[in-house]
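Just below is one structure, and these are the notes that go with it.
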Amino acid sequence: MIEKFNQFNLDENLLKAINNLGFKVPSKVQIEAIPFLLKKQDIIVKSQTGSGKTASFGIPICEHINIENSAVQAIILVPTRELALQVKEEIGNIGRLKKVRCAAVFGKQPFNDQVRELKQRVHVVVGTPGRLQDHINRGNLILDNVRFLVIDEADKMLNMGFIDQVKEILNCIKNDKTTALFSATIPEEINDLCKDYMKNAEILKIDSNILSEGNISEKFINVENEEKNLILVDLLYSQSPEAAIVFCNTKEMVKKVFESLKRKHILTAQIHGDMDQEDRIKTMERFKNKEFKVLVATDVAARGIHIDHITHVFNYEVPQERESYVHRIGRTGRKGQKGDAISLVSKRDKKFLEQIEDYVGHTIECIESPSNEDVMKGKQIFEESQKKFANKTGVEKKKVHSDVVKIHINGGKKKKIRALDILGCFSNLDDLTGDDIGIIDIQDGFSYVDILNGKGIKILKKYKEVSIKGKKVAIQAAKK
């Protein structure tokens with residue numbers, strides 16, 4: 001029985017990265033999936049929610065990547081931009097010390113920026129089907145060396161109408177690949193996809209999920225629609241969450257709830273489909289950095305938010321898709337911590353709640369609205385905690401790999417600098433070898449290089465500039 005990550009016989013750099021990420025013991029989905037993917041066997045994983053899902057395919061992919069080969073060797077298909085960014089970040093962290101480079105491509109992001117990144121050494125590409133297909137058709141993404149393909153949240157792909165694009169991408173990749181499909185449900189169309197494009201796939205049904213583990217307390221309150229604003233504020237005061245997400249079904253409702261909370265001087269922000277991608281990314285970074293307390297969001301945020309300090313989820317509107325309920329409340333109660341999920345249920349929401357109870361297999365407890373005494377007592381605590389949040393603007397994001405320093409180089413493509421030039425320059429500096437040089441990222445006017453093994457600070461103290469291709473260029477620590 002697998003109990004520790006070192007029992008998978010992984011590359012020592014991967015084991016070090018996994019330890020730096022704080023992964024103590026493998027989750028059930030990791031114990032089940034990783035051995036099959038390490039043996040390059042196709043798998044179909046039926047699991048209601050994540051619980052370490054990304055690492056279950058990210059670890060074996062990084063293990064099998066040949067870093068000497070600069071070609072793309074793995075493709076990961078995801079339904080949303082938020083999930084693409086989350087998967088990229090986690091795989092990037094898992095593979096960073098092994099020097100595995102991961103890129104994310106998705107819509108509503110500058111196309112040329114993605115082209116620039118794909119032209120560099122990239123081993124893993126994660127993206128949404130439409131944008132991936134676009135890059136493939138234009139010749140920006142070459143699939144000749146792809147040996148791993150992951151289809152993540154296949155049921156969501158189907159619901160969003162992406163399945164035909166997924167099939168077209170599958171048709172572009174050679175048959176001698178390992179395929180992994182992850183889905184909360186396996187409807188007929190997903191089942192047909194598996195039959196047509198996978199070979200002797202092992203079916204893994206992971207019975208462990210956020211609900212069965214008992215980390216999340218689920219409750220609901222019967223309310224009239226016109227009472228919801230008042231009840232939500234009362235709940236925020238009485239529950240006094242460290243951080244909370246309020247879910248709505250439409251972007252119009254998100255905007256209304258956001259404005260209502262602002263009028264109550266509650267530190268809040270919003271995420272919905274009308275926002276630019278850059279603004280959505282900045283909002284999520286601010287949420288991670290504890291710069292505000294309450295995020296109001298549509299389901300677009302339910303998949304791909306992995307923030308450990310979220311203590312509460314409030315369903316301002318009951319989701320009409322049963323699976324969405326599980327993904328929403330899965331934003332709390334993470335990493336063994338306790339979480340609370342409270343739904344505001346109007347008369348028209350009742351039928352959706354009953355469908356959810358049937359889906360999750362248990363009755364959700366009905367509770368009364370908070371008492372005036374609890375609201376008044378909690379309001380003071382809530383407002384005091386908001387002051388602490390407000391003072392954390394610009395707090396530094398937690399560093400995963402403390403012995404890695406990213407260095408900014410004042411020169412890039414315009415100075416005809418190549419990755420090989422940067423590698424040669426830094427590996428010839430005192431106290432550095434090629435093993436100490438990590439991922440290199442060359443942009444038009446500047447470049448970045450990871451210095452590994454705790455040697456970056458020493459290099460920055462010793463050198464203010466270095467010589468690349470016979471020219472002096474300034475270096476400094478990359479800004480956070």
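The values are calculated or read from the model by the stated rules, or taken from the named source; none is laboratory data. The model shown is predicted, which means the values in this text are computed figures rather than measured ones. Using ideal geometry, Cβ is built from the backbone for each residue, glycine included, and neighbour counts are taken over all protein chains shown.
Quick notes on this structure:
- Here I468, I442 are screened, and the one residue that is at pLDDT 90 or above, farther than 29 Å from L14 by Cβ, among the hydrophobic types (A, V, I, L, M, F, W, C) and outside the structural domain of L118 (by TED's automatic domain parsing) is I468.
- When C248 is tested against (1) within 23 Å of K388 (Cα to Cα); (2) surrounded by 18 or more Cβ atoms within 10 Å (Cβ to Cβ); (3) at pLDDT 95 or above, just one condition goes unmet, and that condition is (1).
- Scan of the stretch 122-145 for residues that are closer than 18 Å to V87 by Cα and hydrophobic (A, V, I, L, M, F, W, C), ordered by number: V122, V124, V125, V126, L132
- Here the condition is being outside the structural domain of F111 (by TED's automatic domain parsing), farther than 30 Å from F23 by Cβ, touching a residue at least 60 places away in the same chain (Cβ under 8 Å) and assigned to a helix (DSSP H, G or I); of L261, L235, L230, it holds for L235 alone.
- Residues of the stretch 143-200 satisfying the condition of being charged (D, E, K, R), surrounded by 14 or more Cβ atoms within 10 Å (Cβ to Cβ) and touching a Lys or Arg at 6+ places or on another chain (Cβ under 9 Å): R147, D152, E153, K156, K177
- Inside the stretch 84-100, residues that are in contact with a Ser or Thr (Cβ under 9 Å, 6 or more places away or on another chain) and either assigned by TED's automatic domain parsing to the domain that holds D435 or modelled with pLDDT of 95 or more (or both) make up a count of 2.
- Scan of the stretch 1-48 for residues that are among the hydrophobic types (A, V, I, L, M, F, W, C), in contact with an Asp or Glu (Cβ under 7 Å, 6 or more places away or on another chain) and either surrounded by fewer than 19 Cβ atoms within 10 Å (Cβ to Cβ) or under 18 Å from E90 (Cβ atoms) (or both), ordered by number: L10, L14, V25, L38
- Checking D134, D144, D152 one by one, the residue that is of a type in the set (D, E) and over 15 Å from L118 (Cβ atoms) is D152 and no other.
- Flag for T54 being hydroxyl-bearing (S, T, Y) and in contact with an Asp or Glu (Cβ under 7 Å, 6 or more places away or on another chain): yes
- Residue among V400, V345 that is surrounded by 13 or more Cβ atoms within 10 Å (Cβ to Cβ), in contact with a strand residue (DSSP E or B) (Cβ under 8 Å, 6 or more places away or on another chain) and either under 30 Å from G22 (Cα atoms) or modelled with pLDDT of 95 or more (or both): V345
- Verdict on K379 being of a type in the set (D, E, K, R), in contact (Cβ under 8 Å) with a residue 40 or more places away in the chain and closer than 30 Å to A243 by Cα: yes
- Among helices (runs of 4 or more DSSP H) entirely within the stretch 16-121, having at least 3 residues that are within 25 Å of L158 (Cα to Cα) singles out 28-38, 53-64, 81-95.
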